[in-house]
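All remarks here apply to the structure that follows.
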Amino acid sequence: MDNDEPLEPETKDESDSVSALQSSNETLYCEAEAPVAVEKEKPARESSETDLEIEDTEKFFTTGQKELYLEACKLVGVVPVSYFIRNMEESYINLNHHGLGPNGTKAIAIALVSNTTVLTLELADNCITEEGILSLVEMLQENYYLQEMNVSDNDLGLEGARILSEFLQNNTSSLFSLQLSGNNFKEESAELFCQALSNNYRIKSLDLSHNKFCDKAGEYLGQMLAINVGLQSLDLSWNHLYIRGVVALCNGLRSNVSLKKLDLSMNSFGNEGAAALGEVLRLNSYLTYLDLSSNNITNDGLSKISRALELNESLKVLKLFLNPISMDGAVLLILSIKRNPKSRMEDIDISNVLVSEQFVKILDGVCAIHPQLDVIYKSVQAPSAKKTHFTWTNPVKLIQSYADQNKISVLDFFRSLNPSGEMMMPVGEFRKAMIQQNKVPINRYQVRELIKKLGEKTGMVDFRSARPHCPDLSRLPLYPPEGPQFRLRHPGSRGHAGAMGMHGAEGEALGWGRGVRQTDERTEAPWGTTGHSTLLERRQPGR
């Protein structure tokens, strides 16, 4: 063999494939060279449901990252996912239901080894198997930027649990949230996870719902919770945890000092399990969220929980939906909050319980003491119920009217409720402030609708979503309209920059929260107050 001849000569096909990715006057990046990103504005996040052909993808991300993924796909023999290519530099990647399989997952993992922008990766329902989870684990040992990963509904089974537990025992990555729902995990898997999490303090949120954990798994989980000081959120809903399993779990919870959110819904542990949880609530001062929906808890079990709530000073959310509770049990529950002056309870869900007008009067008295409290029940059972229709004024209209009269913005009104003056506020504090303020007459039902508009999914309301999208906020519905989409535009021209502050900007839909810029960049005045008229136009197909 000639010493000058390369050991692995480049074939003509390989040379052609490389040339196709670059223009004739461009050269390949050297491995030691840092790829240069093209400075162009990224489009808004698109739906992950589409997997269309791409055009001029170089304007969205570095050539090096794209080439790495394409070469990885070629190596493992899979078709590249164009959605992934288009969004490689976004912080959120949603590849749920893409049918990646283990090889497609491996190609994704290879591309993410050196990626520094993706923080959240969704890979649910992709049949990745243990081979795919191994590729992801190997990637996480090199990637220190990925923080949240969802590999639910991939039927990982015992072998997948073993791979994950080995990774968790030596986890040095930045991963803090892991979703493992619906992976056919059983008792052996629970033992592996609990051994790993006993010494892992990096994982803060763990979803193990929709698996097959039974009472033995509850024992392992209880032992883990007794010594783990990192886990803050644990979802065990839709498992098979019965009395013995929940009692063992509660034994660990008594000494736990980190867990704040626990979901035990859909496990059917009954009154005995409720009694064990009641003992936990007497002692535990860290748990703030507890979901016990559909667990066959009757008034008897609820009475144990109610007595504990007379002493508890930490719980904020209690969900008891779909339990066979009567109005008598519901009265006992809310009276326990009344008896506890230090209660921090904000939300109680008994939405399947039919209550009477007497219950509502009792609740009014409780809310007078605890204005942060909101109780969701089914309806009012009374002869006059059919004649009673709730016709309260839209809270948006009331607030807009007050703002107009006092020549302030809606945003200024909301910020005045927050002592810190910040743009976000915890839901309970916001509810309490709205009930106690005397500027706008509003009741707790109107406040509930207002919170829905301002977004409460994260436990916070965001005042920035109160910026109006059209001049008259009072015409906005309480809920976003269904059916055809809408957009806002200037009359007379398409793509007019004007007060939109951006060329061709379009609003999303009626309501607060999303869409176009709300201020004129030249004046910073609310949209609709600088002499620009706006048309609400029904979007037609193809426009």
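The values are calculated or read from the model by the stated rules, or taken from the named source; none is laboratory data. What you are looking at is a predicted structure, and each value in this text was computed from that prediction instead of being measured. In this analysis, Cβ positions are derived from the backbone assuming ideal geometry, glycine residues included, and neighbour counts consider all displayed protein chains. Calculation scope for accessible area: heavy atoms of the full protein, side chains included, ligands and nucleic acids excluded. Shrake-Rupley method; radii C 1.70, N 1.55, O 1.52, S 1.80 Å.
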| query | Tell me, what is the per residue accessible area of the range 395-472 in Å², probe radius 1.4 Å? | reply | 49 Å²
| the range 267-284 residues near the modelled Arg254 label - backbone nitrogen below 13 Å, point 7 Å along Cα→Cβ | 276-284
| query | Put Val410, Val247 in order of accessible area, largest first, 1.4 Å probe: what do you get? | reply | Val247, Val410
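How high is the FRET efficiency between Gln169 and Met424 when r is their beta carbon distance and R₀ equals 56 Å, given to the nearest 0.05? Mind dumping the intermediate values first?
Working: r = 37 Å, r/R0 = 0.66.
E between Gln169 and Met424, to the nearest 0.05, is 0.95.
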| Solvent-accessible area of Asp300 with every protein chain in place, 1.4 Å probe, in Å² to the nearest 10 | 80 Å²
| request: Calculate, in nm to one decimal, what Ser268 and Glu159 gain on full extension: separation in residues at 0.36 nm each, minus their alpha carbon distance. | output: 36.4 nm
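How do Glu279, Glu188 rank by accessible surface area computed with a 1.4 Å probe, from largest to smallest?
Glu188, Glu279
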| query | How do Cys73, Cys127 stack up against each other in accessible area, from largest to smallest, with a 1.4 angstrom probe? | reply | Cys127, Cys73
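Beyond a 24 Å Cα-Cα separation, which of these cross-linked pairs lie in this structure: Lys397/Lys453; Lys261/Lys361; Lys319/Lys453?
With Cα atoms farther than 24 Å apart: Lys261/Lys361.
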| task | Mind grabbing the accessible area of Thr298 for me, 1.4 Å probe, Å², rounded to tens? | result | 40 Å²
| query | If you roll a 1.4 Å probe over the range 68-379 with all protein chains in place, what percent of the accessible area is carbon or sulfur? | reply | 50 percent
| field | Difference of contour (0.36 nm per residue) and Cα-Cα distance, Thr116 to Leu354 | value | 80.5 nm
| request: Evaluate E = 1/(1 + (r/R0)^6) for Glu449 and Asn296, where r is the Cβ-Cβ distance and R0 equals 35 Å; express this FRET efficiency to the nearest 0.05. | output: 0.60
| Going 7 Å from the Cα of Trp392 in the Cα-to-Cβ direction, what parts of the range 363-382 have a backbone nitrogen less than 17 Å from that spot? | 363-380
